[in-house]
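Q: Submitted below is the structure of interest, expressed as structure tokens.
The values are calculated or read from the model by the stated rules, or taken from the named source; none is laboratory data. Since this is a predicted model, take the numbers as computed values, not measurements. Note that we place each Cβ from the backbone using ideal geometry, even for glycine, and neighbour counts take in every protein chain shown. Ligands, DNA and RNA are stripped out before the accessible areas are found, and what is left, the full protein with its side chains, is counted by its heavy atoms. Shrake-Rupley method; radii C 1.70, N 1.55, O 1.52, S 1.80 Å.
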2 protein chains.
Amino acid sequence: MSNIRDVAQLAGVSVATVSRALQQPDLVSLKTRTKVLSAVKQLGYKPNLMAVRFRSGKTRNLVVLVPTVANVFFARVISGMQQAAHDKGYSLLLCNTLADEAMEQSYARMVHTSQADGLIQLRAHNPFAQLEMKTGSVLPMVNACEVLDRIACPTVLLDNRSAACAMTEHLLQLGHKRIAMIKGPARSPLTRDRVAGYRDALDAAGVEFDESLLYPGDFTLQSGHKAASELLALAKPPTAIFCENDEMAIGAIQGIKQAGLSVPGDVSVAGFDDISFAAFSDPPLTTIAQPAEEFGSTAVSLLIDLLDGRLGKAPKVILPFDLIQRDSTGPAPAGSG
Amino acid sequence: MSNIRDVAQLAGVSVATVSRALQQPDLVSLKTRTKVLSAVKQLGYKPNLMAVRFRSGKTRNLVVLVPTVANVFFARVISGMQQAAHDKGYSLLLCNTLADEAMEQSYARMVHTSQADGLIQLRAHNPFAQLEMKTGSVLPMVNACEVLDRIACPTVLLDNRSAACAMTEHLLQLGHKRIAMIKGPARSPLTRDRVAGYRDALDAAGVEFDESLLYPGDFTLQSGHKAASELLALAKPPTAIFCENDEMAIGAIQGIKQAGLSVPGDVSVAGFDDISFAAFSDPPLTTIAQPAEEFGSTAVSLLIDLLDGRLGKAPKVILPFDLIQRDSTGPAPAGSG
DNA sequence: CTTATAAATGATATCGGTTACATTAATATA
DNA sequence: TATATTAATGTAACCGATATCATTTATAAG
């Protein structure tokens, strides 16, 4: 691989001129520029990016903390990030954190050790908390999908409260009164917001809130199955189950069927995310569609803007949702009220 | 961020000694080593990795070419890679290629421009073909999952032929004679191998091969749905459909149900991969389990071994499969023979 | 107590670019 | 034509760690 000195020699100019001809062509006369470019072409010269990064102090790497890389929704988010990052000359350092704080911190340190310029966190937890406390500096980060409430960093989120409210209203309109909710992990603000939206709708409709209809899940198919089975075993079981993601909804549908009941005849089920499998479950799932890829691309754009100092006060970008009505929700069974 | 000179100054030694104390502690006296380490700790010194990489000429980055990052199976593979790479101090540069050769080539060039040390390709195509032709050099690469037949690079694969044969035998044993196959993209060796295994089983059982029962898909839910619908419209429709991945199988099940038939009562369906959704489809899917994460971690290990010159002749690692029998396959309907 | 040998440490070139500063060439102004 | 101003190019320091080679210090052998 040839270097800038080879090019300079072949073109008969100094290395500085070569560098300028490539970086700031305006500063170089047309004649010299032509000579340089032809030498570059002849040698097939490509700047050594490690040298550039070392010199500039910019790695052009972004750390991405993902709770579960293999999750369908996150996979789409990552796909969107990847595209945006590549377009802007950045690379992603993917980290499967399993929502473990110690692991998040360890990965986050890469921003400190000159391995990455910034970080995108897809979970509601600040991986820099300790580091910033110790050093007193604020590190570049963007929070997306599951976001922290009070954090002074750019954020990309859905209006989870409104989305959950919309879905609950949809179920109420179908005549359901006992609407269960299979939640995500208890501590997550995302879960809290969706529960809040759920209660907003109940309150507006004058339906009493029943704590026992709130069941904690962990976003896996298994947890949806287990939750539905246990909810149906209640003295007064729900006629509709709203799940905080599609995996749990699909798991719930299986649980309901195994209990000998039908969806939506006996129990309606709604999901969240609109993953590709949602349209292919039996029955096809009513759900909230999220622009997953856009979460990713927006987060990357924000982070790069932040790194380039193009961002004023930390913006909160709210992406739109869409209620997709399919066949897993239907009228409440007669006499269920 | 402090650098090696700061440490040297604080410890009262030369920079060379600091470097040695950290890299080759044996060469440094215990006394000096202690001084250095305490200075390191006091300053919170971490070597600037960009400098290290620049100096060493090793990026510790690996390019990964994935047809579709958002595919459930590949997401698991990536997860396995990520883990293995991190354990060995490497980072992954994920590339969503959409199976586009031009894009693969463009990403592959990163290995040439000192952005990455090697490449993992998850598709049956050599992205270095042109580059190697031009430069005459062989670039470090590992091929996994969908592999090229005749390529002199380390390879991680499943014995697709045997796996397909095993599944076809399973269907034959259930009394099926008309077994359709929803294939992957025609050009893929993977598809070819699985079709070969399918024919092996048919031949062994003395069942005649029928070209019209082979339907080309593209590994998406939609294509499975379409394929099943069309296969059922044949004059002599199949009583079993073997799909080359679980997504297509789940799509096929929906297509079959929409045609008013039952699974497995009228038509048995088998998949491939054993993604998490397989156990939650209705009915739960009989499928071939692949060790997806192991594909990823093995590929990474092989590539790093290759880079470190620890690999002799390019090995072919064959990972085991497992036939998971669930409820989507059952006895052929009476009188179907 | 020398001298030979090994161990420990230091000074410095190096990797491949970028950039501040110095210098030279070209153009404009008086 | 002489001088001021701008444009174009060159020189060399620099980023931070590593590694070679030289030098000093410690240990062993005679």
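Q: Do we have any residue at all in the range A:228-237 that's within 21 Å of A:Leu174 (Cα to Cα), surrounded by 17 or more Cβ atoms within 10 Å (Cβ to Cβ), outside the structural domain of A:Glu146 (by TED's automatic domain parsing) and not aliphatic (A, V, I, L, M)?
A: yes
Q: Separate question: Between residues in the range B:112-139 that are more than 25 Å from B:Phe74 (Cβ to Cβ) and residues that are in a helix (DSSP H, G or I) and open to solvent by less than 10 Å² (accessible area, probe 1.4 Å), which pairs lie under 9 Å by C-beta distance while being six or more apart or on different chains?
A: B:Ser114/A:Met50
Q: Looking at the structure I just gave you, is A:Ala180 part of a strand (DSSP E or B), in contact (Cβ under 8 Å) with a residue 12 or more places away in the chain and touching a Leu at 6+ places or on another chain (Cβ under 7 Å)?
A: When the stated conditions are applied, A:Ala180 passes them.
Q: Among the residues of the range B:11-25, are any away from DNA strand C (no atom under 13 Å from the Cβ) and surrounded by fewer than 20 Cβ atoms within 10 Å (Cβ to Cβ)?
A: no
Q: A further question follows. For the range A:1-30, enumerate the residues that are closer than 24 Å to B:Ala116 by Cα and more than 11 Å from DNA strand D (Cβ to nearest atom).
A: A:Met1, A:Ser2, A:Asn3, A:Asp6, A:Val7, A:Leu22, A:Gln23
Q: Oh, and also: Just checking, does the range B:159-171 include any residue being buried (at least 17 other Cβ atoms within 10 Å of the Cβ) and under 30 Å from A:Ser106 (Cα atoms)?
A: no
Q: Still on this structure, I have one more. Being away from DNA strand D (no atom under 12 Å from the Cβ) and not aromatic (Phe, Trp, Tyr) is the requirement here; does B:Arg33 meet it?
A: Answer is yes for this residue.
Q: Follow-up. When only residues in the range B:105-114 that are part of a helix (DSSP H, G or I) and facing chain A (nearest Cβ under 10 Å) count, which is nearest to B:Pro47 (Cα to Cα)?
A: Looking at residues that are part of a helix (DSSP H, G or I) and facing chain A (nearest Cβ under 10 Å), I get B:Met110.
Q: Among the helices (runs of 4 or more DSSP H) contained in the range A:5-104, which hold 1 or more residues that are within 10 Å of chain B (Cβ to nearest Cβ)?
A: A:49-56, A:72-87
Q: A further question on this structure: Do we have A:Asp149 as within 27 Å of A:Phe242 (Cβ to Cβ) and either assigned to a loop (DSSP other than H, G, I, E, B) or assigned by TED's automatic domain parsing to the domain that holds A:Leu311 (or both) here?
A: Yes, satisfied.
Q: Sticking with this one: Please identify the pairs in which a residue from the range B:295-310 that is more than 12 Å from B:Thr155 (Cα to Cα) has its Cβ atom under 7 Å from the Cβ atom of a residue that is acidic (Asp, Glu), counting only partners at least 6 apart or on another chain.
A: From the range B:295-310, the pairs are B:Leu307/B:Asp117.
Q: Quick one: is A:Ala102 more than 11 Å from DNA strand C (Cβ to nearest atom), of a type outside the set (Asp, Glu) and in contact with a Ser or Thr (Cβ under 6 Å, 6 or more places away or on another chain)?
A: Judged against the criteria, A:Ala102 is not a match.
Q: Does B:Phe280 qualify as being hydrophobic (A, V, I, L, M, F, W, C) and facing chain A (nearest Cβ under 10 Å)?
A: yes
Q: Which residues, counting only those in the range B:143-154, are surrounded by fewer than 23 Cβ atoms within 10 Å (Cβ to Cβ) and either at pLDDT 95 or above or within 18 Å of B:Ile304 (Cα to Cα) (or both)?
A: B:Ala152
Q: Here is a follow-up. Quickly run through the range B:301-328 and pick out the residues that are in contact with a strand residue (DSSP E or B) (Cβ under 7 Å, 6 or more places away or on another chain) and either buried (at least 19 other Cβ atoms within 10 Å of the Cβ) or among the β-branched types (Val, Ile, Thr) (or both).
A: B:Leu302, B:Leu303, B:Leu306, B:Val317, B:Ile318, B:Phe321, B:Ile324, B:Ser328
Q: Look at the range B:1-10 and say how many of its residues are more than 8 Å from DNA strand C (Cβ to nearest atom), open to solvent by less than 30 Å² (accessible area, probe 1.4 Å) and at pLDDT 95 or above.
A: Number of matching residues: 1.
Q: Do you know which residues across the range A:200-214 are open to solvent by 40 Å² or more (accessible area, probe 1.4 Å) and in contact with a helix residue (DSSP H, G or I) (Cβ under 8 Å, 6 or more places away or on another chain)?
A: Within the range A:200-214, A:Asp200, A:Ala204, A:Ala205, A:Glu208, A:Phe209 meet the criteria.
So that you can scan it fast, the table gives a plain yes or no per residue for (1) within 12 Å of chain B (Cβ to nearest Cβ); (2) on the phi < 0 side of the Ramachandran plot:
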residue: A:Pro216; (1), (2): no, yes
residue: A:Phe219; (1), (2): yes, no
residue: A:Leu231; (1), (2): no, yes
residue: A:Lys257; (1), (2): yes, yes
residue: A:Ile275; (1), (2): yes, yes
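Q: Hey, among B:Ala84, B:Ala75, B:Ala70, B:Ala51, which residue is within 13 Å of DNA strand C (Cβ to nearest atom) and either surrounded by fewer than 23 Cβ atoms within 10 Å (Cβ to Cβ) or at negative phi (or both)?
A: The match here is B:Ala51.
Q: Residues to consider are A:Pro291, A:Pro264, A:Pro331; find the one that is free of Cβ contacts under 8 Å to residues at least 60 places away in the same chain and either within 30 Å of B:Gln222 (Cα to Cα) or open to solvent by less than 30 Å² (accessible area, probe 1.4 Å) (or both).
A: Among A:Pro291, A:Pro264, A:Pro331, only A:Pro291 is free of Cβ contacts under 8 Å to residues at least 60 places away in the same chain and either within 30 Å of B:Gln222 (Cα to Cα) or open to solvent by less than 30 Å² (accessible area, probe 1.4 Å) (or both).
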